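The structure appears right after this line, and notes come after that.
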Amino acid sequence: MSTHTITTQKVNFKVFRFNADEDYLPYYDDYTMEVTSEEVVLDILNRIKWDYDGSFSYRRSCRHGICGACAIKVNGRSTLACKESMNTMVDLFGSDLIFEPLSIKRAVKDMIIDKKDFWEKHDAIHPYLISDVDEHPEHEHLVTPEEAEELNEADLCIQCGACHYACPVVEINEDFFGPAAFAKAYRFEADVRDDAHTLRLVELHEEKQGLWDCVKCFECAEVCPKDVNPIEKITKLHQMLFKEGVATSNVATRHAVGFKHSIVKNGVLDEGGLVLYSEGPGIVKHIPVALRMFVKGKIVPPWGITKSDKLDEIKKLVKSSSTAKF
Amino acid sequence: MKKLKYALFTGCTAKQSTPEQMMSTLAVADKLGIELVELTEASCCGASHLQDYDDFLSLVLNARNIAYAEKHGLTMVTICNTCQLNTAMTKHRLDTNAALKAKVNEKLKEVGLEYQGTSMVTHFLYAIIDDFGLDKIKEMVVTPLSQFNIAPFYGCHNIRPSELQNETHKKPESAYRPTSLDDLIIACGGKNVDYAEKNKCCGFHVELQAPRTAAILTGNAIAGAMDNNADWMVTPCPLCHLKLDTQTGHASEAIGREVALPVLHMQQMLGLALGCSAEQLGLKHHLTKVNFV
């Protein structure tokens, strides 16, 4: 067994300070500390409060990655403070670290934010099992290991908000449910005991708030401290919309399905044809940019598309391997 | 050094909305003495949208594309971040799930193909850095880009999810502090610009259904580069390129500020440094004029 040596290094911290009751603008306090390889981000928050400034405020409780209270941003990255080691942070960002709340515009005091929007969206997706439970069962409601696997660990979410406040769409579109709510919705949609039928899916299909506004940036997967992988759940929910017949024809669903039409016809995409199929009459709004692109040789007419070689193979595979209908 | 040879998965945009990307890829490969065997049999990768509709079909189609690279016994290089994501994700899922791989191969057998998992899938940017080497690039630069501040725009699907980084190239990079594109800028003699949006999303994938979101993300990216004194931007992703180059009108309107910068594909930047001509690199195909060449 190798001996475990504790190393120390000097780290400079820039720490966000703001008291919504008193301050007009936030400011940053600077600290330089010797940090050991044993410490996690939460230890530094504690040291700032205990050794430097008792008024410094942050949420903490379990210290074991379960309660989800202590998520903050370190150099812009959502980070569960009790989980991430200082070594990891220094590896990621170097020895100048910036501590900020998960969302600056929602800051109440220092690291503490108002998570109201997070909880509203969490509540909006019916985050509970909807089922007619027999209150006097004669035997257990058995769930097989294979059925439990279907949750894909979505049940590990601790509602820390790391993904929600890392999501660029949440910042722009206040109706958007966000990755945490989506992962939670999946957790119940994938549960064999759940009987909500299309209740959640119909709401998840709605534009602006729903799945179709996800930009597929993978920021949520990157920051989740429990490896819930929300984007994977978002993709699975998209597939469920089609599988359960909830998906109605709109620009986003036609866009997804349009890829198949294009592939079966050309192997490759017919970009113009895809936009036309997706938008329908709405294509007119693209005409000004499209004309400029045409002039610059960036639009190929349908008859000019170089189709994939061995297109017959592709047609055959599309026929034999399709699993979805629209 | 042994001559480098790859199977090229061009993706769809290189043949349609970003012809300059195809031209510059070939021009740069020629300068570097890299042989590219184009996978003309390949289909579209599904761009993560087919994946929302029919997961299994998208796996089969991507596995077929990789199978053709395997037939050549070559590493597959992509020139689009989203092609890279969908192809590498297919490989990841098939290589880690024997049952799924068998199911996909059952379909591929119908057309006489088999996915084995023997070809690596990497982006041309990473192939150049890992296999060709930046030191050699530096030696070959004939027109150093030393008068330019160049803003790298990485594009989500090359750097996230980071679990694919280990599998797609030799020197995995951080999604938070990526360096590949910065390193290439420096190797070309340019000055790399640091800005907060360099590893953020351009909004491409919701352009049709959420145009405001898409336009704000594009606007923020260009504004971030402009505010840090970038002369122009560079990206390895043609989809990011389409957003940043062709959507400046919508982006400016969305963020309430005029934004526009010339945006080059990483192949075009490298090509300029290696002495390729503007014609070879297709610089005339841009909507935001490349005004410095």
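Here, each number is a calculation from the coordinates, and none is a lab measurement. These figures come from a predicted structure and were not determined experimentally. Reconstructed Cβ throughout: ideal geometry from the backbone, glycine too, with neighbour counts over all protein chains shown.
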Using a 10 Å Cβ count of at most 12 others and DSSP loop calls, identify the longest part of chain A lacking such GluC sites (Glu not before Pro). A:175-326
Answer with one residue from A:41, A:125, A:151: the one whose Cα lies farthest towards the positive end of the charge dipole of region A:13-172, charges on Cβ with Lys, Arg +1 and Asp, Glu -1. A:41
Once the in-chain neighbours fewer than 8 apart are removed, the aspartates and glutamates whose Cα is under 13 Å from residue A:226 read A:84, A:153, A:155
In chain A, what cysteines have no partner Cβ closer than 4.7 Å? A:70, A:82, A:157, A:160, A:167, A:214, A:224
Can you compute the helix-only [θ] at 222 nm over chain A? Use -39500 (n - 2.57) per DSSP H run of at least 4 residues, normalise by all residues, nearest 500 deg cm²/dmol. -10000 deg cm²/dmol
Can you compute 3J(HN,Hα) from phi for each residue in region A:109-123, using the Karplus curve 6.51 cos²θ - 1.76 cosθ + 1.60 with θ = phi - 60°, rounded to whole Hz and x for Gly and Pro? 8, 6, 7, 7, 10, 8, 8, 3, 4, 4, 6, 4, 6, 4, 5
Rounded to the nearest 500, the 222 nm mean residue ellipticity computed for chain B from DSSP H runs (n ≥ 4, each -39500 (n - 2.57)) alone is -13000 deg cm²/dmol
Neighbours of residue B:17 by Cβ distance under 14 Å: Lys/Arg at +1, Asp/Glu at -1, summed charge 0
Please list, or write none, the lysines whose alpha carbon is within less than 18 Å of the alpha carbon of residue B:243, excluding same-chain residues fewer than 8 places away. A:216, A:285, A:296, A:298, B:15, B:198, B:200, B:284, B:289
Which of A:215, A:202 has the fewest Cβ neighbours within 10 Å, and the rest in rising order: A:202, A:215
DSSP loop GluC sites (Glu not before Pro) in region B:199-272 with at most 15 other Cβ atoms within 10 Å of their Cβ, which ones? B:258
Among residues other than residue B:90 whose Cβ falls under 11 Å from its Cβ, what is the net charge (Lys/Arg +1, Asp/Glu -1)? +2
By a straight-distance test (C-alpha under 17 Å), which lysines pair with residue A:310 as possible cross-link partners, with residues fewer than eight away in the same chain excluded? A:260, A:265, A:319, B:71, B:107, B:109
Between the DSSP loop rule and a limit of at most 16 other Cβ atoms within 10 Å, which chymotrypsin sites (Phe, Trp or Tyr not before Pro) in region A:1-56 are left? A:24
